[in-house]
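Right, one structure below, let's go through it.
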Amino acid sequence: NSGGWVNENEGLAPVILQFEQSIHGPARIAEMTGLSMDGQRNWRLRGHLPPSDGPRGKMTSSAVAALAVRSSAADLGFPAKDSASLGETAGPSVLYSALLDFPQAAIQLIGSPDNKKAFWKAFEDSTHHAGLISGLGPQQPSSAICWHDNDPPRLLPNPNSGLVEGYEVTFRQISLPGVGARLVRYAGQPLFTVHISDA
């Protein structure tokens with residue numbers, strides 16, 4: 001739930017960036033994901049959720065993002081027992097969207113004023129940092145999950161690319177930026193803390 005790298009910007013001294021994920025309790029997780037505390041316990045008892053990342057059902061931000069995707073899918077009729085890989089695959093895109101759309105709320109920075117200023121400039125100029133922090137890496141982010149009738153869910157870079165023309169289908173869709181916005185709104189704290197120090 002943590003990581004780091006050396007960032008070298010042209011014309012600036014290199015800095016070491018280390019990040020850690022926040023830990024969220026069950027009540028907060030319920031607000032962030034829509035899965036109630038009883039629902040979380042039920043999913044664990046049924047084997048739909050692994051043991052928690054900490055005592056009393058606590059989870060890291062990435063685990064909450066994955067659970068939020070799964071909860072949204074369950075609300076649309078997708079079986080919880082089949083959604084673990086869906087959450088793991090889509091979770092980084094949820095965090096990526098949250099970081100890009102709400103950076104000041106999603107990230108707590110610890111470091112000197114100059115290093116903070118340099119970080120935000122680099123963050124605005126490139127999606128590189130958001131990819132590293134979210135766990136997405138260099139992969140293409142997805143913006144939606146959709147599925148038709150009994151077809152398996154698909155991750156899409158553009159939600160409109162999932163539309164099928166020519167015949168009527170039952171269309172279900174989850175907006176991953178929407179899931180990310182909910183995480184930030186209800187987290188009650190930043191999703192990540194980034195420590196910046198001179199290299």
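Report yes if some residue within region 85-97 is touching a His at 6+ places or on another chain (Cβ under 9 Å), surrounded by 21 or more Cβ atoms within 10 Å (Cβ to Cβ), modelled with pLDDT of 95 or more and part of a helix (DSSP H, G or I); otherwise report no.
Looking for residues that are touching a His at 6+ places or on another chain (Cβ under 9 Å), surrounded by 21 or more Cβ atoms within 10 Å (Cβ to Cβ), modelled with pLDDT of 95 or more and part of a helix (DSSP H, G or I), one finds none in region 85-97, hence no.
All conditions in (1) within 19 Å of Gly34 (Cβ to Cβ); (2) modelled with pLDDT under 95 hold for Leu183, with the sole exception of (2). Of everything in region 28-57 that is in contact with a strand residue (DSSP E or B) (Cβ under 7 Å, 6 or more places away or on another chain) and modelled with pLDDT of 90 or more, the residue that is surrounded by the most Cβ atoms within 10 Å (Cβ to Cβ) is Ile29.
From the residues in region 159-180 that are part of a loop (DSSP other than H, G, I, E, B) and of a type in the set (A, V, I, L, M, F, W, C), which one is modelled with the highest pLDDT? Among those residues, the one meeting the criterion is Leu163. Residue by residue through region 58-73, note down the ones that are farther than 15 Å from Ala144 by Cα and either modelled with pLDDT of 95 or more or not charged (D, E, K, R) (or both). The answer is Met59, Thr60, Ser61, Ser62, Ala63, Val64, Leu67. Using the structure shown, decide if Asn150 is in a helix (DSSP H, G or I) and modelled with pLDDT under 95. Spelling it out, it is not the case that Asn150 is in a helix (DSSP H, G or I) and modelled with pLDDT under 95. Restricting attention to region 186-199, the residues that are surrounded by fewer than 16 Cβ atoms within 10 Å (Cβ to Cβ), modelled with pLDDT under 95 and in contact with a helix residue (DSSP H, G or I) (Cβ under 9 Å, 6 or more places away or on another chain) add up to 2.
The values are calculated or read from the model by the stated rules, or taken from the named source; none is laboratory data. These numbers were taken from a predicted model, which means no experiment stands behind them. Here Cβ is always computed from backbone atoms with ideal geometry, including for glycine, and neighbour counts include all displayed protein chains.
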